[in-house]
Amino acid sequence: MVATICLHGVWFLKKDSSIRLNIFTILSLVIMYSIAFEYYLPKQSFRYTGDIWDVVCYSLGGIVFYLLQKIESNTSTK
């Protein structure tokens, strides 16, 4: 959801809906969210828990986002 919101923000600011997020940007989002929510915040408060399965889900979400983005860009160019 975060990557989609960011991408729509870029489309709005640049007025160009052909822009896509590259793999480095998506990977950066996955890593930053994994570190923040699964490593840093659990050390700061007992309300947060670190879970490797959440990291797996962040990664799968990044992969799905990347693939859907590729499928959409391929169908729009045909």
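This table checks each residue for (1) among the hydrophobic types (A, V, I, L, M, F, W, C); (2) exposed (fewer than 11 other Cβ atoms within 10 Å of the Cβ); (3) within 14 Å of Thr25 (Cα to Cα); (4) at pLDDT 95 or above.
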| site | (1), (2), (3), (4) |
| --- | --- |
| Tyr39 | no, no, no, yes |
| Arg47 | no, yes, no, no |
| Gly50 | no, no, no, no |
| Val56 | yes, no, no, yes |
| Ser59 | no, no, yes, yes |
| Thr75 | no, yes, no, no |
| Lys78 | no, yes, no, no |
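Ile71 - would you say it is at pLDDT 90 or above, in a helix (DSSP H, G or I) and surrounded by fewer than 12 Cβ atoms within 10 Å (Cβ to Cβ)?
Numbers: at pLDDT 90 or above: no; in a helix (DSSP H, G or I): yes; surrounded by fewer than 12 Cβ atoms within 10 Å (Cβ to Cβ): yes.
Judged against the criteria, Ile71 is not a match.
Are any residues in segment 20-55 among the β-branched types (Val, Ile, Thr) and over 17 Å from Met1 (Cα atoms), and if so, which ones?
Ile35, Thr49, Ile52
Among the numbered conditions (1) free of Cβ contacts under 8 Å to residues at least 40 places away in the same chain; (2) surrounded by 12 or more Cβ atoms within 10 Å (Cβ to Cβ); (3) not aliphatic (A, V, I, L, M), tell me where Phe65 comes up short.
That leaves (1) as the condition not met.
Out of the residues in segment 10-37 that are basic (Lys, Arg) and without any contact (Cβ under 8 Å) to a residue 12 or more places away in the chain, which is surrounded by the fewest Cβ atoms within 10 Å (Cβ to Cβ)? Let's see the steps before the verdict.
Looking only at segment 10-37, we keep the residues that are basic (Lys, Arg), and these are 14-15, 20.
From what's left, without any contact (Cβ under 8 Å) to a residue 12 or more places away in the chain: 14-15.
Numbers: Lys14: 10, Lys15: 7.
It comes out as Lys15.
What number of residues within segment 13-52 are farther than 18 Å from Ser73 by Cβ and more than 16 Å from the chain's Cα centre (by Cα)?
15
So Val2 ticks every box in (1) surrounded by 12 or more Cβ atoms within 10 Å (Cβ to Cβ); (2) free of Cβ contacts under 8 Å to residues at least 24 places away in the same chain; (3) not aromatic (Phe, Trp, Tyr) but one. Which box is left unticked?
(2)
Given the conditions (1) touching a helix residue (DSSP H, G or I) at 6+ places or on another chain (Cβ under 7 Å); (2) charged (D, E, K, R); (3) part of a helix (DSSP H, G or I), report the number of the one that Arg20 does not fulfil.
(3)
The values are calculated or read from the model by the stated rules, or taken from the named source; none is laboratory data. Just so you know, these numbers come straight off a predicted model, no measurement behind them. Reconstructed Cβ throughout: ideal geometry from the backbone, glycine too, with neighbour counts over all protein chains shown.
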